[in-house]
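Enquirer: Sharing a structure below in structure tokens format, with a few things to ask.
Taken together, the values in this text are just the output of simple stated rules run on the coordinates, not laboratory data. Keep in mind it's a predicted model, so treat the numbers as computed, not measured. Cβ placement follows ideal geometry from the backbone for every residue including glycine, while neighbour counts extend to all protein chains displayed.
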Amino acid sequence: MKNKKKLIIISVIVILVLAAIVAGVVYFVKSRSGSVVDVYSMELLNSSGWAGGDSTLSGTITSDYVQEVYADEEQTVEDVYVQQGDYVEKGDNLMKYDVEEQELDLQLQELEIQSSQLELEDLENELQRMKNARASGTIDGSGSDVMNASLNLSSLRGDILATLMSNNTVAGTSEEDGSGSSETGTAGSGTDSKQSDSGNTASGSMEEASTDSAGDSSAAEGDTAGNSQDKEGKTDASFSDSKSTFASDNKEGSSADTQENDTSDSSSSDINKTRSKSKKAKTGEENTEDTTDDSDLLDKVEDLDAASGDGTEENPYVFNVNTNDVTIKGSLLNQLVGEEEKDVYAFFFQYETEADYNNDAGKKPEDRNNYINQIIITPKKYAAAWSEEDYTFAAVQAAVRDRKLKDTIIAVSDRETGQGTDGAPYVYLLKGTGEDKMIAGSVIFDLLEGNYTAVFKVYESESAYAENSENTSASYVLNPVYDTDGIDQNAVYSIDDLKTIFSDKKLKSKIETISDNTYGDGSANDPYIYLLSQGGTVRGSVVQLLVKGEYYAEFQEFESEESYKDSPYSSSQSVSITPGMPITGIESTREYTLQQLQAALNAAEAASRIPNVLKSEITDKKNDAYKGSGTMSDPYVYRLITDGRIRGSVINDIMKNNEFAVFYEYDSEEDGRRENVANSIEIRPNTILKEIITSFGWYTLADLNDAIVTADQIQIRPNRKTVKTGKSYNFTAKLSGKNSEVLPVTWELKRNQSDATTLINGTLTVGEDETADTLRIVASAGGKRDVLTLKVKQSDTSGSDGSGSGGSSDGSSGYDSSFDSGSDSGDSIDYSGYTAEELASAIADKEEEIADAKQNLNQAKIDYQEAKKEVDAATVKATVSGEVTLAYTKEAMPDDGSPAIIVRGEDGMYVNVDVSEMSLDTVKVGGTIYCTSMETYEQYEAEIIEISQYPTTGSDSEYSYDGLSNPNSSYYPVVAYIAQADGLVTGESVEVSYSSQSMGTVSEEAIYLQKAYIRTDDEGKSYVYKEGEDGRLKKQYVKTGETLYGQYVEVLSGVTMDDNIAFPYGSSVKEGAKVELSENTDNIIY
């Protein structure tokens, strides 16, 4: 009965256990076969196309570009490298600022990189020692018979391979010329820099290599990581040693001394020597067979039979001559080049030696480089008539010249020289007479429209031009003050035609100087009369000179030449100028239409009626204030005339009482009425000045601007993550802001538990007894502060000499802090006493230190690049090749806001486009934009050469729309150079487009994910869910970069374009979930 009960109880227990197992399996299966999660290919999710999406703008084509360089008032100009009239190439230095402080910072960052590299190297070496160590309790395989047998087999295999290679080499030697043996033998001996003595046998070398390999491999067997790799490495080494020794024994004439010092470098040298000797020997044999003294170089060239080639462009005549008084027949030269164009191509090469010629023989003319002189003849070359006599090489070289004269001018770029200005007009050289029709009407039209001055010079022949460039048969100066009325773009004009057309013109399209008047002497009874065509403009400087010179003048506009001739006293509109009239606001460089000029004069008249309020001195804080009570919302406002003075007591009183004040400076009362502020400064309770203000002193706004100190940012460097006990570290604080170098930096240490842990003037010393997990150092200056939190690690002390890292017996730091890596010094630590668990833990800690050290190194490199950018930016370079039309010296920089240097660009087409300030960070100098002609729809590529620092007004840029524009935002002029601009016309409108890819700010291979697909864990690490190799969902950590437009996150590593990504939210989204690749784009967030 008892047995039966026992059996029943056992059966029940078994059933319950089985039920539990089944329930568990069912639960597991259900959990593994839950809802399927959709994943999407990276091709669908990658938003780099959106992140670098196209922006579309409208631009205007121009063939005139001027680079204007403005001196930064906050920097000191160290040097100006150009003078007015100089010609510069793109990239040439124009001006440099004094950046001694930035250069010192750059050197500091270089030292920081070196320090970080040393630290990383020490840590990686220490990690390698850990991995090579055998933990206590592991099996020592050094005496294993199997291991020894395996290594001996590897060594034997190496010897056999070396023998086979040697035999092949010998066989190859018998088939060839003998050089192969020398090469192979030498190379073999150079395999290992330490060779055995010549008396050693191959087997002896095998045994020695085998023993070494076995020893090394047995040591490697105890490693905690990388066993197989180390074994393979040692086996390869033994093979190398065996092959080297065997090859050495087979080398004829080798000695012990030679082998002992042999290296791979000498091996290479021997190979070259052998080849050289072999070649000479072969040449000697040939010379013994053919002892003639023939030369392929000519002493005299008389006809075309002396040349190779047929005289075409593809196969030109080639004459090879020597330097021994070679002569060339005049009759031959008449066949090749003369006054009239000849469709002949020829090269004369002069060689100093036969060997030089042999080195060039067989090469194309353009590939030759061993000659000492050459003459090139093409249809674009000319020469005066040749006589029948012989000519020396030098005489022919001097007589053959480039053709300068053109038969027709069909493009603006057909000019010979010039910049298109009055001082440097475009110069066009023509061959013919004044009656010959040679100038296209489209060229005349473009020159006038582009406001270019041009000179057309006609000569009878190339020789006439070469003899005297002033000996023209006809010439004409085209002045752009006239409009294009009467110019047919499809016609062709002669010089005489141009003279007739423009002599009849009375109306001008531009008034640029006082002398552009048609009638009058400037008096009240006979004022200057300026006749303008419809829409013509007047330069502001003309108005200023007329008023200041007390002249009377009238600008009159007519619809056409015909309307003027029919009714010379009935202009469509006019503007009168009288002496002393208000002209405040008239800009000297601006071109005004008559309507704009009248509006500007009316505004100046209205402003002149406002009473004077500007002061030349401020001596009383309250009485001299224009308005205000000194609070933040209602500051004192002071209005000063240029160079007005402020008593120091006023400044001190404001700062002492923690009040607010604003000082404005104006060039004139008229500017004050118009609120055209020339200079300003704000005084606040936290304002810092680099020098003491004396109460009885006088200060201009310029003085105060120079003295004010601002701290924009403070940054602790280096940006370390960890420190070790018993070590010292140097930190610096980088300040940015005006005069920030005078600000004292205050250092503060927090969280330390040891009194031995100190922070003095940026030097952190961590006490050996420090128990805090983290330290916090704070640097502050000028109201700004930066905080750096450091993780404290205990220094390894076992196996060291007891002095600690960087320590010395007397307790001093004992190291050059510039290069302190913070790593352990002294003898290497013996890890043989570590258990496997202790060793694994030490390796993990060291790998974490290495990760921190790598981050420190990366930060140091970033800081270096930032410092380098500041230094590089100090040198202003030419963005275009052209003439320097204005250049101030460093001692006389302009202070009125005008350019310090102006470079007028040379030939070429440019596109001008205005970019909204909201999109300004999407373009950069050197980036590529694409221009589509609105006329032909052809697309052109252009390189951005300048982004102005100064905005235009929004109303001037109404056609610049890039999807991010705002009618209330400012617009900045951008200029791009079009290298291939055939078909574009000055003044033509183009559609401009660009992307982040074309700007180079986003790589073509970049990955950008919508930020909704990236999650962050509790430690701040970013991750995504992707399809794993098993077809189930996997959590994948990623490294992220910049975020564009607040929603596209750059993924630097962790995923590739081959991955499939899931939306990371939802109850079914977890590791191990089944996935299914979806093509449904409706659910994708872009």
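Enquirer: Could you work out the local net charge near SER571, counting Lys and Arg as +1, Asp and Glu as -1, over the other residues with Cβ closer than 10 Å to its Cβ? Show your work: numbers first, answer last.
Expert: Values: positive: none; negative: GLU554, GLU557, GLU559.
So the surrounding residues net to -3.
Enquirer: Moving on. Given the peptides 666-675, 620-629, 756-765, arrange them by the average over their residues of other C-beta atoms within 10 Å, most packed first.
Expert: Numbers: 666-675: 18.3, 620-629: 14.1, 756-765: 16.0.
Most protected by this proxy first, the peptides run 666-675, 756-765, 620-629.
Enquirer: In whole Å, how far is the Cα centre of the range 640-702 from that of the range 462-498?
Expert: 59
Enquirer: Let me ask something else. Just in the range 572-607: which GluC sites (Glu not before Pro) are loop by DSSP and have at most 13 other Cβ atoms within 10 Å?
Expert: Details: sites: GLU587, GLU591, GLU605; in loops: GLU587.
Answer by residue number: GLU587.
Enquirer: With viscosity set to 1.306 mPa s at 10 °C, what whole-number translational diffusion coefficient in µm²/s follows for the range 404-504 from Stokes-Einstein and a Kirkwood radius over Cα pairs? It would help to have the intermediate numbers written out before the result.
Expert: Numbers: Rh = 13.4 Å.
Translational diffusion coefficient: 119 µm²/s.
Enquirer: Mind running the shape call on the range 300-401? Use the C-alpha gyration tensor, a ≥ b ≥ c as the square roots of the eigenvalues: rounded below 1.5 for a/c, prolate if a/b tops b/c, oblate otherwise.
Expert: Working: a/c = 1.86, a/b = 1.31, b/c = 1.42.
Here the range 300-401 falls in the oblate category.
Enquirer: Pick out, in residue order, every one of the chymotrypsin sites (Phe, Trp or Tyr not before Pro) in the range 667-760 that is DSSP loop and has at most 11 other C-beta atoms within 10 Å; say none if there are none.
Expert: On the way: sites: PHE696, TRP698, TYR699, TYR729, PHE731, TRP747; in loops: PHE696, PHE731.
When the chymotrypsin sites (Phe, Trp or Tyr not before Pro) of the range 667-760 are filtered for loop state and at most 11 Cβ neighbours within 10 Å, PHE696 remain.
Enquirer: For the range 893-945 and the range 1037-1086, what is the separation of their Cα centres, given in Å?
Expert: 39
Enquirer: Let me ask something additional. Between the range 64-115 and the range 741-787, what's the alpha-carbon centroid distance in Å?
Expert: The range 64-115 and the range 741-787 have Cα centres separated by 36 Å.
Enquirer: Can I ask one more? Within the set of other residues whose C-beta is less than 9 Å from the C-beta of ALA661, count the net charge using Lys and Arg as +1 and Asp and Glu as -1. Mind dumping the intermediate values first?
Expert: Details: positive: LYS621, ARG684; negative: GLU659, GLU682.
The answer is 0.
Enquirer: Still on this structure, please answer the following. Which of rounded, prolate, oblate describes the range 348-422, given a ≥ b ≥ c as roots of the alpha-carbon gyration tensor eigenvalues and a/c under 1.5 marking rounded, otherwise prolate only if a/b is larger than b/c? It would help to have the intermediate numbers written out before the result.
Expert: Values: a/c = 3.00, a/b = 1.79, b/c = 1.67.
Verdict is prolate for the range 348-422.
Enquirer: Report, in debye and to the nearest 20, how large the dipole of the range 513-603 comes out about its Cα centre when Lys and Arg carry +1 and Asp and Glu carry -1 on their Cβ.
Expert: Details: 4 positive and 12 negative charges, 73 e Å.
My answer is approximately 340 debye.
Enquirer: Using Cα pairs under 8 angstrom and six or more residues apart, how large is the relative contact order of the range 404-504, in percent?
Expert: On the way: 206 pairs, mean separation 30.1, N = 101.
Reported as a whole number, the value is 30 percent.
Enquirer: Taking the range 980-1074, which GluC sites (Glu not before Pro) meet the DSSP loop condition and have no more than 12 other C-beta atoms within 10 Å?
Expert: Values: sites: GLU988, GLU991, GLU1004, GLU1005, GLU1019, GLU1027, GLU1029, GLU1042, GLU1050, GLU1071; in loops: GLU988, GLU1004, GLU1005, GLU1019, GLU1029, GLU1071.
Sites meeting the loop and neighbour criteria: GLU1004, GLU1005, GLU1019, GLU1029, GLU1071.
Enquirer: Counting DSSP beta bridges with both partners in the range 404-504, what percentage is antiparallel, nearest 5?
Expert: Values: 8 of 16 bridges.
Beta bridges within the range 404-504, antiparallel portion: roughly 50 percent.
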